[in-house]
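The next block holds one structure in the form of structure tokens; read it before the comments.
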Amino acid sequence: VVEYVLGLLLVAQGLQSPTPTVPALAGGVVVLNAAIVEGPLGAFRTVPRRLHRWIDVAVITALMLVAAIPALDVDNTSRLLLATVAVILGFVWWNTTFVPPAPGPRRLRRGGW
């Protein structure tokens with residue numbers, strides 16, 4: 001959920017920015033990254049959680065690089081937001097276990113086995 005919210009926040013910032021391309025694309029990448037994981041809120045569920053762990057690292061690194069490269073045409077507010085989103089995603093990444101949940105006990109159907 002956090003990735004969806006932060007990605008949409010970046011897209012919204014891009015829509016209000018004088019230079020909308022970079023924050024809007026970055027937000028789209030964050031939302032796409034959240035949508036492809038095999039998690040409960042994944043829309044496409046194509047990437048296993050263990051691989052998603054390393055894709056998250058690449059996305060966080062890319063956000064920090066985009067925020068730090070002065071040659072890119074990005075306003076200061078968007079740069080600050082990109083860096084802040086990267087830090088928040090890093091915190092969430094650090095506190096996440098990317099192990100799939102263990103299967104629960106099998107339940108008996110009504111009327112017997």
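The values are calculated or read from the model by the stated rules, or taken from the named source; none is laboratory data. Here the structure is a predicted model, which is why all the values come from computation and not from measurement. When we count neighbours, we look across all protein chains shown, and the Cβ atoms used for this are built from the backbone with ideal geometry, even at glycine. Each accessible area value is taken on the protein alone, full model and side chains, heavy atoms only, with ligands, DNA and RNA left out. Shrake-Rupley method; radii C 1.70, N 1.55, O 1.52, S 1.80 Å.
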Using θ = phi - 60° and Karplus 6.51 cos²θ - 1.76 cosθ + 1.60, couplings along the range 51-58 (whole Hz; Gly, Pro as x): 6, 4, 4, 7, 5, 4, 4, 5
GNM flexibility winner over the chain from Pro103, Pro70, Pro48 (Cα, springs under 10 Å): Pro103
Segment Ala58-Thr84, length gained on full extension (0.36 nm per residue, minus Cα span): 7.8 nm
Inter-site label distance for Leu65 and Ala102 at 7 Å from Cα along Cβ, in nm: 4.0 nm
Potential extension, Phe44-Gln16 segment - 0.36 nm per residue separation minus Cα distance: 7.2 nm
Residue-normalised accessible area of the chain, expressed per residue, 1.4 Å probe, Å²: 68 Å²
For Pro18, net neighbour charge (Lys/Arg +1, Asp/Glu -1) across residues whose Cβ lies under 10 Å away: -2
Mean ellipticity per residue at 222 nm, deg cm²/dmol - from DSSP H runs of n ≥ 4 across the chain, formula -39500 (n - 2.57): -20500 deg cm²/dmol
When the convex hull of its Cα atoms is projected in every direction, mean area for the range 15-59 (nm²): 3.5 nm²
Alpha-carbon centroid distance for the pair the range 61-85 / the range 3-33, whole angstrom: 12 Å
Carbon + sulfur, % of accessible area of the chain - ligands and nucleic acids excluded, 1.4 Å: 69 percent
The chain, relative contact order [Cα under 8 Å, separation at least 6], %: 22 percent
